[in-house]
């Protein structure tokens with residue numbers, strides 16, 4: 001088996017397995033679906049061992065200049081590994097749901113395969129196919145297995161995302177008309193200014209805006225975030241884990257893979273406004289989370305805040321094009337390295353937190369209010385300890401993985417725009433307040449009616465969250481394995497932003 005074929009296997013093994021899972025008896029489909037989901041982590045580790053640069057190409061629709069083009073650089077591998085960790089976690093978290101049969105598992109594998117396709121596809125037609133196909137299983141997983149308001153939440157999720165995608169599709173139709181290709185590598189290889197010259201200034205700005213809206217809805221960037229809290233709150237726990245851990249990162253990935261390399265001038269011109277929107281996401285998400293009593297909604301708004309830090313870093317760097325020479329390159333590299341690490345680290349910690357809240361809900365008969373619990377630590381000390389690690393990782397405690405990404409983001413942004421870095425720190429302070437409040441009220445104090453019969457984690461539940469917690473600790477003290485991937489991505493920004501490449505550590 002060649003290294004290139006790993007890419008095809010990575011994407012299509014979950015898809016092919018989804019058909020088999022749908023046809024098997026429910027009991028047999030459980031083990032098979034988990035093995036198929038774990039295959040993503042196996043293939044991701046194999047690609048990591050080979051190293052970035054694996055590529056697979058072939059003709060698909062040559063008459064339309066559409067190619068089957070898959071590739072895995074450091075950015076793709078980072079997201080592939082994240083999917084390989086979160087996917088099996090989410091599937092195991094859904095294990096005990098009685099209504100979760102083979103249809104659930106089959107749809108979940110389609111969702112996981114689609115997300116992986118987004119991270120390795122290098123032709124827009126193929127990429128957009130995976131991007132849109134991910135909506136179909138997500139919609140049904142939310143609507144059929146979600147909470148009382150799941151139908152409305154699923155509908156809102158799809159309408160928002162498809163609406164944004166329509167603008168993006170129109171933009172790439174214009175790009176194809178102007179260049180005759182939709183291959184990312186070919187478009188990025190065009191001489192600077194070629195795309196804007198062929199489109200014309202007005203159309204180039206409109207295309208940039210269309211692609212931006214499609215990606216901003218997916219992240220989501222403020223003010224496109226209103227679909228997210230009800231969707232995360234109503235989705236079943238495993239789907240919430242995958243939505244926050246992986247699907248939200250598809251939008252951030254698109255900013256790095258598509259918007260930045262193709263439209264550096266317009267991103268630079270709009271960076272001032274976009275930086276304020278990203279900062280609004282940090283602060284609005286954090287302060288709104290502080291006001292929540294529903295634990296799932298609290299984590300949903302917290303996710304808006306944490307992912308917005310990645311965009312603060314991106315837009316801060318984009319706004320300082322060509323200024324300051326090598327020092328600017330160093331701080332820009334720190335900001336972007338931090339943003340990419342935050343993509344991975346937040347995906348792991350947020351998925352774990354949603355899992356723990358799902359356990360609280362399941363063990364208490366559906367309750368998930370901030371004041372519904374108390375004294376859980378005495379009934380379930382292992383549960384409390386592991387949830388505490390995930391919580392401290394999310395708020396950026398030194399020694400855990402969340403600290404590394406947030407520190408690099410703030411270090412880099414402070415070197416570029418100190419005022420924005422200072423304002424962003426308010427989000428960290430508020431995050432500490434609501435997460436510590438959550439932990440104090442749920443795990444400490446007198447027991448509430450939900451606590452006395454609260455069992456500790458089972459073996460399956462420990463297996464579900466064990467790898468995630470281990471990664472929080474290991475990557476907190478030894479982030480080099482991921483830094484090795486993201487440090488090699490300097491070429492994504494050095495050329496388009498006119499900065500000298502930062503040294504690779």
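The values are calculated or read from the model by the stated rules, or taken from the named source; none is laboratory data. These numbers were taken from a predicted model, which means no experiment stands behind them. Please note: Cβ atoms are built from the backbone with ideal geometry, for glycine as well, and neighbour counts cover all protein chains shown.
Based on what the data block shows, is residue 289 surrounded by fewer than 22 Cβ atoms within 10 Å (Cβ to Cβ) and either assigned to a helix (DSSP H, G or I) or free of Cβ contacts under 8 Å to residues at least 24 places away in the same chain (or both)? Here the answer is no, as residue 289 does not meet what is asked. On the stretch given as the range 52-66, residues that are crowded, with 18+ Cβ neighbours inside 10 Å and either over 16 Å from residue 11 (Cα atoms) or modelled with pLDDT under 75 (or both) total 2. Consider residue 373 carefully, then state whether it is outside any helix (DSSP H, G or I) and either in contact with a strand residue (DSSP E or B) (Cβ under 9 Å, 6 or more places away or on another chain) or buried (at least 24 other Cβ atoms within 10 Å of the Cβ) (or both). Yes. Could you check how many residues of the range 376-410 are under 21 Å from the mean Cα position of the chain (by Cα) and part of a helix (DSSP H, G or I)? Residues meeting the conditions: 17. Can you tell me which condition residue 278 does not meet? The list is (1) buried (at least 24 other Cβ atoms within 10 Å of the Cβ); (2) under 27 Å from residue 150 (Cα atoms), and all the others hold. With (1) buried (at least 24 other Cβ atoms within 10 Å of the Cβ); (2) under 27 Å from residue 150 (Cα atoms) applied to residue 278, the lone miss is (2).
When the range 52-67 is filtered for residues that are touching a strand residue (DSSP E or B) at 6+ places or on another chain (Cβ under 9 Å) and either under 21 Å from residue 105 (Cα atoms) or not in a strand (DSSP E or B) (or both), the ones remaining, listed by number, are 52, 53, 65. Could you go through the range 215-225 and let me know if any residue there is touching a strand residue (DSSP E or B) at 6+ places or on another chain (Cβ under 9 Å), surrounded by 22 or more Cβ atoms within 10 Å (Cβ to Cβ) and more than 24 Å from residue 78 (Cβ to Cβ). No.
Which helices (runs of 4 or more DSSP H) does the range 149-209 wholly contain that include 2 or more residues that are in contact (Cβ under 8 Å) with a residue 60 or more places away in the chain, in contact with a helix residue (DSSP H, G or I) (Cβ under 8 Å, 6 or more places away or on another chain) and under 21 Å from residue 121 (Cβ atoms)? Helices (runs of 4 or more DSSP H) meeting the threshold: 150-179, 184-188. Among the numbered conditions (1) crowded, with 23+ Cβ neighbours inside 10 Å; (2) over 23 Å from residue 292 (Cα atoms), the only one that residue 402 does not meet is (2). For the range 17-26, does any single residue satisfy the condition of being out of contact with any strand residue (DSSP E or B) (no Cβ under 8 Å at 6 or more places or on another chain) and outside any helix (DSSP H, G or I)? Scanning the range 17-26, I find at least one residue that is out of contact with any strand residue (DSSP E or B) (no Cβ under 8 Å at 6 or more places or on another chain) and outside any helix (DSSP H, G or I), so the answer is yes. Identify, by number, the condition in (1) assigned to a loop (DSSP other than H, G, I, E, B); (2) more than 29 Å from residue 352 (Cα to Cα) that residue 260 doesn't meet. Only one criterion in (1) assigned to a loop (DSSP other than H, G, I, E, B); (2) more than 29 Å from residue 352 (Cα to Cα) is unmet by residue 260, namely (1).
Can residue 144 be described as free of Cβ contacts under 8 Å to residues at least 60 places away in the same chain and more than 25 Å from residue 216 (Cβ to Cβ)? In short, yes. Residues in the range 450-460 include at least one that is at pLDDT 80 or above, surrounded by fewer than 21 Cβ atoms within 10 Å (Cβ to Cβ) and in a helix (DSSP H, G or I). The listed residues are 23, 79, 7, and the only one of them that is surrounded by fewer than 21 Cβ atoms within 10 Å (Cβ to Cβ), in contact with a helix residue (DSSP H, G or I) (Cβ under 9 Å, 6 or more places away or on another chain) and within 22 Å of residue 110 (Cα to Cα) turns out to be 23. Looking only at the range 84-105, decide whether some residue is over 19 Å from the mean Cα position of the chain (by Cα), touching a residue at least 24 places away in the same chain (Cβ under 8 Å) and under 28 Å from residue 54 (Cα atoms). No; the residues of the range 84-105 include none that is over 19 Å from the mean Cα position of the chain (by Cα), touching a residue at least 24 places away in the same chain (Cβ under 8 Å) and under 28 Å from residue 54 (Cα atoms).
A count restricted to the range 320-339 and to residues that are modelled with pLDDT of 80 or more and not in a helix (DSSP H, G or I) stands at 0. Checking every residue in the range 438-449 against the condition of being at pLDDT below 80 and crowded, with 17+ Cβ neighbours inside 10 Å gives at least one match.
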